[in-house]
Amino acid sequence: HKLEVVEKAMSWYQETLDMYYMLQTALKEYDKDCNPITVQKIQVACMKSNKLFQETESRLNSLYLYYDFSEIEKKYHGRESMEIINRSLTLIAKIGQEVNAIKPSEFAEQLCETLCEERVKVSHMLADAIDNQVFIIVEIGQKLRTEYKNYLK
């Protein structure tokens, strides 16, 4: 049963890493230009993140019965970075809901303004928070793989 739990979790972690990388790529493109393709990448990443975060309970919670990752999460400021990601994705979704009914181009403009604010640089904060979450996932994955390899010996 433990192996099945770990397999589910590793699948979720890999999908989440892919989504984070897509979102980071789009955020880095925002530094250069606010174009419709970049906006679409961000929208797709947000939709994927919503789906993944809804599946967290069914795909990850059992893992915490067998493992304690609190030191890894503390090392990379997991709670704080996840809070930044959640706030940012909620803001992006809110902009999408408010503007999407009117014109997709207005969504792109408002999203660009929000992510490129001079004072806050939301896109950079979000990219840094994603880095923290990526480090957590990678280290957890390494820990699980190491245990699995030792189990096979």
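Sorting the segments 17-28, 66-77 by their mean number of nearby beta carbons within 10 angstrom, highest to lowest, gives 17-28, 66-77. Per-residue accessible area (protein heavy atoms, 1.4 Å probe) orders 38, 56 as 56, 38, starting from the largest. Note on residue 109 and residue 54: with the Förster distance fixed at 25 Å, the Cβ-Cβ geometry gives a FRET efficiency of about 0.30.
Stretching the chain fully between residue 7 and residue 25 yields a gain of 3.8 nm (0.36 nm per residue, less the alpha carbon separation).
For the listed residue pairs 8/94; 8/74; 28/48; 8/153; 28/74, the alpha carbons are over 29 angstrom apart in 8/94. On the beta carbon distance between residue 148 and residue 82, with R0 = 41 Å, the FRET formula returns roughly 0.95.
The values are calculated or read from the model by the stated rules, or taken from the named source; none is laboratory data. The structure displayed is predicted, hence computed values, not measured ones. Here Cβ is always computed from backbone atoms with ideal geometry, including for glycine, and neighbour counts include all displayed protein chains. Accessible surface is based on the protein model in full, side chains and every heavy atom, while ligands, DNA and RNA are left aside. Shrake-Rupley method; radii C 1.70, N 1.55, O 1.52, S 1.80 Å.
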